[in-house]
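See below for the structure under consideration.
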There are 2 protein chains.
Amino acid sequence: MDSVWFTQTQTARLFTAEEPLRLAQGGELGPVDIAYETYGELNAEASNAVFVCHALTGDAHAAGYHAGDKRPGWWDNLIGPGKPVDTNRFFVVCANLLGGCQGSTGPASANPATGRAYGLDFPLLMVADLVACHRALLRHLGIDTLLAAIGGSLGGMQVLEWALRHPGEVRNAVVVAASSELTAQNIAFSAVARKAIMADENFHHGQYAAAGENPDNGLSIARMMAHITYLSEDALTVKFGRELREKDRSPGFGTDFQVESYLAHQGEVFLERFDALSYIYLTRVMDYFDPFSEPGATDAVRERPVNWLVASFDTDWRFGTPHSRRIVRTLERAGQPVTFREIPSPWGHDSFLLPVPRYHDTIRAFLDHALEAALGEGVDARGAVVTPVGVAAGPKALREDLQILADLVPDGSRVLDLGCHDGDLLSHLIARRNCTGTGVEIDPSAVLSVIRRGIPLVELDIDFQLDEFDDDSYDVVVLSRTIQVIRRPQEVLEQIARIGSRIIVSVPNFAWWGHRLRLLRGRMPMSKELPYKWYNTPNLRFVSLADIELFFAGLGLKIERRIPMGIDGEALRHPFGANLFAGAATYVLGKR
Amino acid sequence: MDSVWFTQTQTARLFTAEEPLRLAQGGELGPVDIAYETYGELNAEASNAVFVCHALTGDAHAAGYHAGDKRPGWWDNLIGPGKPVDTNRFFVVCANLLGGCQGSTGPASANPATGRAYGLDFPLLMVADLVACHRALLRHLGIDTLLAAIGGSLGGMQVLEWALRHPGEVRNAVVVAASSELTAQNIAFSAVARKAIMADENFHHGQYAAAGENPDNGLSIARMMAHITYLSEDALTVKFGRELREKDRSPGFGTDFQVESYLAHQGEVFLERFDALSYIYLTRVMDYFDPFSEPGATDAVRERPVNWLVASFDTDWRFGTPHSRRIVRTLERAGQPVTFREIPSPWGHDSFLLPVPRYHDTIRAFLDHALEAALGEGVDARGAVVTPVGVAAGPKALREDLQILADLVPDGSRVLDLGCHDGDLLSHLIARRNCTGTGVEIDPSAVLSVIRRGIPLVELDIDFQLDEFDDDSYDVVVLSRTIQVIRRPQEVLEQIARIGSRIIVSVPNFAWWGHRLRLLRGRMPMSKELPYKWYNTPNLRFVSLADIELFFAGLGLKIERRIPMGIDGEALRHPFGANLFAGAATYVLGKR
C-alpha cells in the first residue's frame, strides 16, 4: 500500500487575455494558468474521474512523490493504489486553486498591465471562481462528468458549490469538515490573521516583492494562530501538555514550552511554501462563501439530485459538526440523497488530512458503491445513480417482522427509517417497491454497511436531533422496534408526526403473558425480545400495548391498523387479547 | 440597587528599595507601589473583609463610579449595596496587580537603576508575587484574616494560590472560571499574542516609551485574538452572525463584517488603557502557574481547611469546566469542603464578568452563609467555619425514610450523599451526628438551598463523573432513591464501592404487589413511588428487590442489613415477603 510512486505537476493555460475568466463579482481575469496533477487512468467511458479540491494552503501535489520529495503529497494517505481513492480504479485530478501560489495564477503573479505582481490589484475571488477554473481544467482534460468531487475544509466548499450549481457534472459529492457559511468566530480569526499580515511593516500595501521583502512576521503569526484552531485542545494536550523545552532554563519570553517551540516552527516553515497575499485572498474567499443564502440555491439539484456524503469530526472546532449538519439539513430539505457521519477523532479540524480509520472506511464505502453503480446498470439516462448496486444484486430475504412492515409501505414512497440497522427494509423498498429514502442509525457497525449498499444514511441521535428533517418531507416514517431505547418518546413521536404523513411503529409488548408471569414470580422480565438484565439493557422504556395505544391517542395520532405479532416477530394467526398474547405489535398511524 | 456611588483609587508603597519584595523566582523588587480601592466598612472584629482579585487586564476600580466615569468599575454588577458582594455588609478591597499598568508597579514603571522604564529588565513574576503584594496591602490596612477572597480567571488563580499557601488568612475562597494549570492550547494563544507584540517594529525590545512609540499593532492584534477566546462561538453568532457593516459596499480586506468592526474597535480602545509590557508579563505569569505540581501543595489546607466555591461556565472554552474540575478533584482529595457548580451561560469565559443570575445567586448564597457563620457561633478557635448556620439554627424533622438512613450512619463519619436533594440528610448528620460530608446533586433548584445551608455540594452527573472522588475518600456513600434514574447502575455501584468503605442504598421495588397487579391488568405500574407515565418518567431502570440482591452479589457487595419499607417510606413492621410487600428497601452494603 505504501509503495513509493512518482507524480508530476503540470500547468495549463485555461484562460487568456483575449478569452478571460469572467469573475463571479464582475470583472475579468486573464491569462489564468492552473497547476494540476493526475493519477491513474481515465477509462474509455470517462466515467471514473474523481476531482480532489484542496484546502486553504494545499497545492496540486496531493499524492505520490515528486523526485527529491522527502514526504509524499498532502493527501497521500487517502489517494493511491489500493487506498480509499484508489488510483488503480479512479482517475484522480487535483489542481492548485486560482489565487494560490503554487503554480496557479494568484495575487503574487505578474500583472500583465504593470509587469509586477498584482498585489492588492488582484480581483477579490469567490468560491465560484475557483470552481470555474476546475471546470475549465476538466474540459481541457476531455471530461464531461465527474464520478465524484471530494474535498475537505475550503476543498469541501468548492465541492458544495460545484455540485449545487452544476449537478450534471458531479454524480457524487464528498464534503468533509467544511462549512456553507462561516460563523462570526471563524471570520474573526481570519480577520486577525489578515490584520497581522497587513500591519507588518514589510507588507508595503501588497507590493513587498518589488521591495525585495516579505511580511514574514505577519504571515507566521497568522499561521501560528490558524494552527491552534486546526487542532483540538485535547490533541495539543496529548502532544505537548505543559512540557518545557529545557527544564533548567529560567523562565523568559522565548519558546520556553514545547508547544511554543512547535508553533514557532510551524510559523517558520510555512514562510517557505506560502505567500502572504494568497493567504489574505483565500481566507476572504471563505468569509464570503454562503451558497444557500442565494435565491433558488437548490433548484438545480432538486431537478437533478447528487449523491452526497457529508462528514464532520467530533473535536473539530473550526468547522465542526454544526457546520456539516447545516449543509445536511439544507440538502435534505431539497430532497437530496444525503449520507452524513460525525467521525470521532481526537485531532480536531486537521483530522480530514489524517488516516482516521472510520473516516477512510466511510469514503471507501461511498466511492466503491459510486463506482460500481456507475459501471453497472444502476445509472439512468441522465447519468444519475438511481439504484443501489447492493440492492440490484438482490437483497437477502426479509425477516418476517420487516416483511410485515414493508407490506404496509405504499409503492413509490419516500421513506425515513429511524433505527434502520443494516438497511434491509430500505434496501428492499428501494429495489422492489420503487421507493426512495433515508436511514437513520447510530450504531457504527451498521452504518458502514448501509453506506456500502448505497442507501443514504444520516447518523444522528433520534432522541435529540430529528429537527434535521423538514416538515412533511417524507411520505412514511418507520420506527421499528426502537421506541424502547428512546429517552423521550413523546418528543420523538411528535417529531415523527411532523416529518411524515404516515407513521409505522413496531413496539415490543411488556405486558406479554411471559413477562407478566416472570414479574409475578418477582423478577424483572427477560425474553428474546427483552434479552437484557435490568442494569445493562439499552431498553429504557417499558410499555404495554394498552399503554401505548393511550399514548398515541394522547398525541392525536389515529391507529389505522394494528398487527399483533408473536414473541418471535411472526404475525399472530388469532389476533385476540393482543395485550396478553402479543410479544410485539406493528401500528400504522395517521394524523387526525 | 443601581444607585450611583463614588469610589477612589489610592496608592500604598508596600515595599521599598531598603525593604524590597522578595520574589518567588529569587531576586528582589523595590520600591513597589500598589493601587487599590475599598468599599464598605470594616467591622470591629475585622471579620467581614472580602478581597477581590482581578483578571489579566482589570484594575483596582472594581465597583462604583469615579468622578467623570461614564461606566462604573469592572465588577460593579457583583459588588455594591445590596449586590451579592454586599458593600453594606462586607468590607471590600481590590488592588491593581503587581506587574500591571494602572497605578501599581510594573514593567512600564521607572527603574530606579536607570531612570527609564524597566522594560524587559523587569523581573519575571509568578502568581505568588502578586499574592505577596495583596498580603502586604492587607497588613497595611490592619486586616489579619479575610472572610473571603474572590476572583475570576487570573483573579481566581490568585485566590487559589493565596488560600492554598496561607489558609489561615482566607476562610472562604471563591475561584471562578480559573485554572490550576494552563493547557498547551492556552499557552499557545498567549505565545502568539506575545509574538505579535514583540515582533511589532515599535516594540524596540521593550524600550518603546523612550523611543516615544508604542507597539500598537501588536497589542491590538493580541487583544483581538484574546477577545475571540473570551466569547463563545454561539455568543459571537448571536451578537454578529454574518452581518455586513454596509450592505452595498463591495468586498475587500477592510472591516466588511460587523464582527470585524467590533474586534477592530476592541483592539483600538484597549490601546488607551493597557500597556504592552504588562500584557506580555501577566500572560507569562499565567503560563507558569501550576500550584498543585509542587510537593506538599495541599499540606497547609489539610491542616487548616478552607471553604471553597469553585465555579465554571459551560460555554467557556478558555478555562472551561475541565479546568475547574481539576481544581475541585485535587481539593476534594485533600479533604477540603468544596462546593462546585457549572453555570450555564451563553457568553463563554466573559461570563464571569456578567450578571448571570444563577452565578450571582450562587456567590450570594455562599457569601451569605460565610458571613452568618463568621458572625455567629459557628467559628472554632482556629477561625475556621465548622458548623453550617442553617444547621445550627435547627433543621426540620427528617422524613421517615431519611431517618432510617441516618440511623445507619456511624457518628463522626465523612459522608458522600449522591442525589442529596435539598441536603436534609447531610444537614442532620452534620448538626446532630458530628459528621462531615459532601452532597452531590444536579437539580439546580435544590443546589442553591444546599449552598445557602453551608453544606459542601458538588454539582455533577452521577452516571459519568464519579471519578471526581478519590478511592476510599469517604466513610459512607449514600445513594437514596436514586438508582432508578441512573443509566449505568453497574458502573455507578462500582464507583461507589471504590469511593466509600460502607454503602447505603435505598431502592424502590418494582415487584411490589401493587405493581404486579397493575401489570397483570396489562398496564405499566404507577404509584406514589413510581408516579410517572412510561413515556415521561425520569426513572429508566426498573428492578425488583430479588433482582437487585443478585446484582449486589454479582458486584461482590455483601448485604449487611436490609430494611424493607412500605410504599410510603415507612419501616415495615413485619419484614417478611419483602419482594412482594415492600414498596422500597434500604440496604447497608460492605465490600467482600
**OP:** Only residues that are touching a Leu at 6+ places or on another chain (Cβ under 7 Å) and within 10 Å of B:ALA365 (Cα to Cα): list them for the range B:436-459, please.
**Re:** B:VAL450, B:ILE451
**OP:** Enumerate the pairs (first residue in the range B:74-98 and part of a strand (DSSP E or B); second residue anywhere and at pLDDT 95 or above and hydroxyl-bearing (Ser, Thr, Tyr)) with beta-carbon separation below 6 Å, excluding pairs fewer than 6 apart on the same chain, so at least 6 apart or on different chains.
**Re:** B:GLY80/B:THR87; B:VAL92/B:TYR39; B:VAL93/B:THR38; B:ALA95/B:TYR36
Subject >> Close pairs (7 angstrom Cβ cut-off, 6 or more residues apart or separate chains): under 24 Å from B:GLY252 (Cα atoms) in the range A:1-30, of a type in the set (Lys, Arg) and not in a loop (DSSP other than H, G, I, E, B) anywhere >> reply: A:GLU28/A:ARG22
Subject >> the range B:291-326, residues that are among the hydrophobic types (A, V, I, L, M, F, W, C) and under 29 Å from A:GLN185 (Cα atoms) >> reply: B:VAL310, B:ALA311, B:PHE313, B:TRP317, B:PHE319
**OP:** Name the single residue, out of those in the range B:290-334 being assigned to a loop (DSSP other than H, G, I, E, B) and free of Cβ contacts under 8 Å to residues at least 60 places away in the same chain, that is surrounded by the most Cβ atoms within 10 Å (Cβ to Cβ).
**Re:** B:GLY320
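In the range A:201-227, how many are acidic (Asp, Glu) and either under 27 Å from the mean Cα position of the chain (by Cα) or at the interface with another protein chain (Cβ under 8 Å from one of its Cβ atoms) (or both)?
Restricting attention to the range A:201-227, the residues satisfying the condition of being acidic (Asp, Glu) are A:201, A:213, A:216.
With either under 27 Å from the mean Cα position of the chain (by Cα) or at the interface with another protein chain (Cβ under 8 Å from one of its Cβ atoms) (or both) added as a condition, the list becomes A:201.
Qualifying residue count for the region: 1.
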**OP:** Please verify whether the range A:390-409 includes one or more residues that are modelled with pLDDT of 95 or more, in a loop (DSSP other than H, G, I, E, B), closer than 23 Å to A:ARG171 by Cα and assigned by TED's automatic domain parsing to the domain that holds A:GLU570.
**Re:** no
**OP:** Scan the range B:134-154 and report the pairs whose first residue is aromatic (Phe, Trp, Tyr) and whose second residue is surrounded by fewer than 24 Cβ atoms within 10 Å (Cβ to Cβ), with Cβ atoms within less than 8 Å and a gap of 6+ or a chain change.
**Re:** none
**OP:** Give the number of residues within the range A:298-335 that are under 9 Å from the mean Cα position of the chain (by Cα) and either among the polar types (S, T, N, Q) or at pLDDT below 95 (or both).
**Re:** 2
Original post:
Where residues in the range A:85-101 are hydrophobic (A, V, I, L, M, F, W, C) and out of contact with any Phe, Trp or Tyr (no Cβ under 7 Å at 6 or more places or on another chain), which of them is farthest from A:ALA276 (Cα to Cα)?
Top reply: A:PHE90
Original post:
Applying the selection to the range A:61-79, what residues are surrounded by 18 or more Cβ atoms within 10 Å (Cβ to Cβ) and not aromatic (Phe, Trp, Tyr)?
Top reply: A:HIS61, A:ALA62, A:ALA63, A:GLY64, A:PRO72, A:GLY73, A:ASP76, A:ASN77, A:LEU78, A:ILE79
Original post:
When the range B:397-409 is examined, which residues are found to be under 18 Å from B:ASP475 (Cβ atoms) and either hydroxyl-bearing (Ser, Thr, Tyr) or loosely packed, with under 13 Cβ neighbours inside 10 Å (or both)?
Top reply: B:ASP407
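Inside the range B:336-377, can you point out the residues that are of a type in the set (A, V, I, L, M, F, W, C), over 16 Å from the mean Cα position of the chain (by Cα) and part of a helix (DSSP H, G or I)? Working first, answer last.
Restricting attention to the range B:336-377, the residues satisfying the condition of being of a type in the set (A, V, I, L, M, F, W, C) are B:338, B:340, B:343, B:347, B:352-354, B:356, B:363, B:365-367, B:370-371, B:373-375.
The next check asks that each one be over 16 Å from the mean Cα position of the chain (by Cα); those that pass are B:347, B:371, B:373-375.
Across the range B:336-377, the qualifying residues are B:LEU371, B:ALA373, B:ALA374, B:LEU375.
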Subject >> Residue in the range B:228-276 that is farthest from the other protein chains (Cβ to nearest Cβ), counting only those that are part of a helix (DSSP H, G or I), out of contact with any Phe, Trp or Tyr (no Cβ under 8 Å at 6 or more places or on another chain) and aromatic (Phe, Trp, Tyr) >> reply: B:PHE270
**OP:** Show the residue pairs that are 6+ apart or on different chains and have beta-carbon atoms under 8 Å apart, the first residue being within the range A:178-191 and at the interface with chain B (Cβ under 7 Å from one of its Cβ atoms), the second being among the charged types (D, E, K, R) and surrounded by 24 or more Cβ atoms within 10 Å (Cβ to Cβ).
**Re:** A:ILE187/B:GLU260; A:ALA188/B:GLU260; A:ALA191/B:GLU260
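Conditions (1) under 30 Å from B:LEU164 (Cα atoms); (2) surrounded by fewer than 24 Cβ atoms within 10 Å (Cβ to Cβ), marked per residue:
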| site | (1), (2) |
| --- | --- |
| B:ASN214 | no, yes |
| B:LEU219 | no, no |
| B:LEU231 | yes, no |
| B:ASP234 | no, yes |
Original post:
Checking B:GLY168 against (1) outside any helix (DSSP H, G or I); (2) farther than 30 Å from A:LEU263 by Cβ, which test does it fail?
Top reply: (1)
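Go through the residues of the range B:30-38 one by one and say whether even a single one is aliphatic (A, V, I, L, M) and outside any strand (DSSP E or B).
Within the range B:30-38, none of the residues are aliphatic (A, V, I, L, M) and outside any strand (DSSP E or B).
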Original post:
Within the range A:194-227, how many residues are assigned to a helix (DSSP H, G or I) and within 20 Å of B:THR255 (Cα to Cα)?
Top reply: 14
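The values are calculated or read from the model by the stated rules, or taken from the named source; none is laboratory data. Note that the structure is predicted; figures quoted are calculated from it, not measured. Neighbour counts are summed over all protein chains in view; Cβ atoms, including those assigned to glycine, are modelled from backbone coordinates with ideal geometry.
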